[in-house]
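Trainee: Below are the C-alpha cells for one structure; questions will follow.
The values are calculated or read from the model by the stated rules, or taken from the named source; none is laboratory data. Remember, predicted model here, so these are calculated numbers, not experimental data. A quick note on method: Cβ atoms are made from the backbone with ideal geometry, for glycine too, and the neighbour counts reach across all protein chains shown.
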Amino acid sequence: MRCQPRYEGSVYICLKNVQNCLLCDEPADAEMPICVACETELPWLGDQCITCALPLAAAGLTCGECLLEPPTFEQVAVPWRYGFPVDSLITRFKHNAKWPFGHLLADVLGQYLQHRFDEGLPRPDALLPVPMTTKRLRQRGFNQAAMLARWLSQTLEMPSEENLLLRTQDTSAQQGLDAKARKRNLLQAFALTPDAVVKGRSFALVDDVLTTGATAQALARLLINAGAARVDVYCLARTPKPGAT
C-alpha cells in the first residue's frame, strides 16, 4: 500500500480559458487561477542574501551567517517571504490537503525559476524533494515537497528523483527550534538509497519553506560528500531572521 498519492490529473482547470482566482474569486487573466492584482500583492522577497536568500536591507549582499560559515549548498532560489497570504496557502496545502493551493504556488515558482535560469542560474540534473519518514508520511498521507517537485518537474521539464534521499530518523519537529537545536536534531537523520547515482551530478533540493536552512545544509552535505557537483535549494518561501520586521 502506497501512502504517497499518485494523482495524475489536474487539481484545477488547466485549460486555456478564463478561470477564477483562487484568492479573490475574480476572473483570472491567464491560464493559472490567480489574477494579476493578487499575484502582484504576494509577499515577493526582494533584497536578499545572495546565498541563503535571507531577507536583507539591500541587494547583492551576503548575510553574516553565510560569511562566517558558508553553507554547503550553492544558492537558494525562492520567490516569496513567508508572509500573508503565502503562509496561509502553504499551511492549507500542507496540513489540510488543499492541493489546488500547492499546485498554484508550484506553478508560479516554476515561472520564477525559469526566469532565474534565463538570468544564468544553472539548471540542475534533477530535483530532489526533502524526504519524510515513513511514520510521518503515513500520518499526513502525502509528502508536500514531493508533490511540489512533481509539479515543478512538469513545468521545468526536468526529472524529479523522489527515491534518492531517505529520512532515516524520525527527528522532533523542527518548528520552534533555534538554529543550533535544528542542526543537532538533524545529525544522521538522512541517507542515500543504496543505488543512488550522485557523483558528478547537480541537484536542487525542493521544499515548501526555508527557515534556518539546517535541513537543506544536512542534505547538501550528504550529497556533496557522495560526489555531487552542485546542490541548490528551491522553495516557496523564506522566513526572515527572528525578530526582524
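Trainee: Of everything in segment 186-245 that's assigned to a loop (DSSP other than H, G, I, E, B) and of a type in the set (D, E, K, R), which residue is nearest to Gly46 (Cα to Cα)?
Mentor: Kept after step one, since they are assigned to a loop (DSSP other than H, G, I, E, B), are these residues of segment 186-245: 186-189, 193-201, 211-213, 226-229, 239-245.
After this cut, where a residue has to be of a type in the set (D, E, K, R) as well, the list is 195, 199, 201, 241.
Values: Asp195: 40, Lys199: 34, Arg201: 30, Lys241: 15 Å.
Here the answer is Lys241.
Trainee: Search segment 119-141 for residues being within 16 Å of Asp207 (Cα to Cα) and modelled with pLDDT of 95 or more, and hand back the single one that is surrounded by the fewest Cβ atoms within 10 Å (Cβ to Cβ). I'd like the intermediate steps shown before the answer.
Mentor: Keep residues of segment 119-141 that are within 16 Å of Asp207 (Cα to Cα), which gives 124, 126-133, 136-137, 140.
Checking which are modelled with pLDDT of 95 or more leaves us with 124, 126-131.
Numbers: Pro124: 22, Ala126: 17, Leu127: 24, Leu128: 30, Pro129: 26, Val130: 23, Pro131: 24.
Checked segment 119-141; the qualifying residue surrounded by the fewest Cβ atoms within 10 Å (Cβ to Cβ) is Ala126.
Trainee: Okay, moving on. Read through the list (1) modelled with pLDDT under 95; (2) of a type in the set (D, E, K, R); (3) in contact with a Ser or Thr (Cβ under 7 Å, 6 or more places away or on another chain), then give the number of the only condition that Arg230 fails.
Mentor: Answer for Arg230: the failing condition is (1).
Trainee: Please enumerate the residues belonging to segment 182-239 that are among the polar types (S, T, N, Q) and crowded, with 23+ Cβ neighbours inside 10 Å. Even if it seems obvious, please write down each step before you answer.
Mentor: Initially, segment 182-239 is screened for residues among the polar types (S, T, N, Q), giving 185, 188, 193, 202, 211-212, 215, 217, 225, 239.
Of everything in segment 182-239, just one residue is among the polar types (S, T, N, Q) and crowded, with 23+ Cβ neighbours inside 10 Å, namely Thr215.
Trainee: Counting residues that are within 17 Å of the chain's Cα centre (by Cα) and of a type in the set (A, V, I, L, M, F, W, C), which helices (runs of 4 or more DSSP H) fully inside segment 58-145 reach at least 2?
Mentor: 86-96, 99-118
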